[in-house]
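Working notes, structure below.
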Amino acid sequence: DQQVKQNSPSLSVQEGRISILNCDYTNSMFDYFLWYKKYPAEGPTFLISISSIKDKNEDGRFTVFLNKSAKHLSLHIVPSQPGDSAVYFCAASGSSGYSTLTFGKGTMLLVSP
Amino acid sequence: DVKVTQSSRYLVKRTGEKVFLECVQDMDHENMFWYRQDPGLGLRLIYFSYDVKMKEKGDIPEGYSVSREKKERFSLILESASTNQTSMYLCASSPPLGKGSAAYEQYFGPGTRLTVT
């Protein structure tokens, strides 16, 4: 059973516009959420995170919003740049007692000039 | 900067071979992880270790084993490689909760693309 879902396999956006990547989760024990970015032939790199006690976290062009009641989070990238083209993974933790992460399947973002 | 290195970027092995994938981290992290990434399936946790000689099964441990004899090194072993183990293998490490730049943040290596023929 998939506990972290990214229902959009891909997203295309024009440079300068906003990119919104969505993520849903089913396990109410998750209390920490992270976004990772992955370029081809490289390992994922950490982008931004949010604790369940917050509803928003911002870092430069990247903002993550958390709606606990809906079990939904989103990553906003404003403005989008061609270098943002990558696969974005949503991850969640806090349910196992260990420092493990449960990842979604990823969304491929393509930002065109 | 945290550095996680993996012994090979690309590897081709034959069915039935024993395969060792090595991972080394230089930040004295307690936790280490092995994932595989497949198209449309995301990252799936195979095994993890929270201390030397300790190991825990992840979501898909079947067909794999691990070894952690030293804190900085975590090995993934395919006892008898099969074609369905063709995948990208990613190693990661993280400090204990309460340390590091962000809770639960994991640092990944560049990955090993394994092909089993």
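The values are calculated or read from the model by the stated rules, or taken from the named source; none is laboratory data. Note that the structure is predicted; figures quoted are calculated from it, not measured. Positions of Cβ are backbone-derived with ideal geometry, glycine not excepted, and every protein chain shown enters the neighbour counts. Each accessible area value is taken on the protein alone, full model and side chains, heavy atoms only, with ligands, DNA and RNA left out. Shrake-Rupley method; radii C 1.70, N 1.55, O 1.52, S 1.80 Å.
Pick from the range B:81-117 the residues that are in a loop (DSSP other than H, G, I, E, B) and under 12 Å from B:Trp34 (Cβ atoms): which of them is modelled with the lowest pLDDT? In this case the residue turns out to be B:Gln106. Checking the stated criteria, B:Ser67 turns out to be open to solvent by 30 Å² or more (accessible area, probe 1.4 Å), in a strand (DSSP E or B) and in contact with a Leu (Cβ under 9 Å, 6 or more places away or on another chain).
Among the residues making up the range B:48-65, those that are touching a strand residue (DSSP E or B) at 6+ places or on another chain (Cβ under 8 Å) and away from every other protein chain (no Cβ under 14 Å) are B:Val52, B:Lys53, B:Gly63, B:Tyr64, B:Ser65. Here B:Ser94 meets each of (1) touching a Ser or Thr at 6+ places or on another chain (Cβ under 8 Å); (2) more than 26 Å from A:Ser51 (Cα to Cα); (3) within 11 Å of another protein chain (Cβ to nearest Cβ) with one exception, condition (2). For the residues B:Leu78, B:Leu45, the requirement of being surrounded by 15 or more Cβ atoms within 10 Å (Cβ to Cβ), at the interface with chain A (Cβ under 10 Å from one of its Cβ atoms), within 30 Å of A:Met108 (Cβ to Cβ) and not acidic (Asp, Glu) singles out B:Leu45. Tell me which of these B:Val66 doesn't satisfy, since it passes every other one: (1) touching a helix residue (DSSP H, G or I) at 6+ places or on another chain (Cβ under 9 Å); (2) over 24 Å from A:Trp35 (Cβ atoms). All conditions pass for B:Val66, except number (1). Inspection of the range B:10-18 identifies no residue that is within 12 Å of chain A (Cβ to nearest Cβ), assigned to a strand (DSSP E or B) and surrounded by 14 or more Cβ atoms within 10 Å (Cβ to Cβ). Residues that are surrounded by 13 or more Cβ atoms within 10 Å (Cβ to Cβ) and within 13 Å of the chain's Cα centre (by Cα) number at least 3 in the following strands (runs of 3 or more DSSP E) confined to the range A:3-79: A:19-25, A:32-38, A:45-51, A:62-67, A:72-77. What number goes with the only condition from (1) open to solvent by 20 Å² or more (accessible area, probe 1.4 Å); (2) under 19 Å from A:Tyr36 (Cα atoms); (3) modelled with pLDDT of 95 or more; (4) not charged (D, E, K, R) that B:Val4 does not pass? With (1) open to solvent by 20 Å² or more (accessible area, probe 1.4 Å); (2) under 19 Å from A:Tyr36 (Cα atoms); (3) modelled with pLDDT of 95 or more; (4) not charged (D, E, K, R) applied to B:Val4, the lone miss is (1). Scanning the range A:80-111 for residues that are surrounded by fewer than 18 Cβ atoms within 10 Å (Cβ to Cβ) and touching a Pro at 6+ places or on another chain (Cβ under 7 Å) yields a count of 2. Taking the range A:57-87 as the range and being within 16 Å of A:Ser8 (Cβ to Cβ) and among the acidic types (Asp, Glu) as the test, only A:Asp84 passes. Scanning the range B:19-42 for residues that are open to solvent by less than 30 Å² (accessible area, probe 1.4 Å) and within 14 Å of chain A (Cβ to nearest Cβ) yields B:Leu21, B:Cys23, B:Gln25, B:His29, B:Asn31, B:Met32, B:Phe33, B:Trp34, B:Tyr35, B:Arg36, B:Asp38, B:Gly42.
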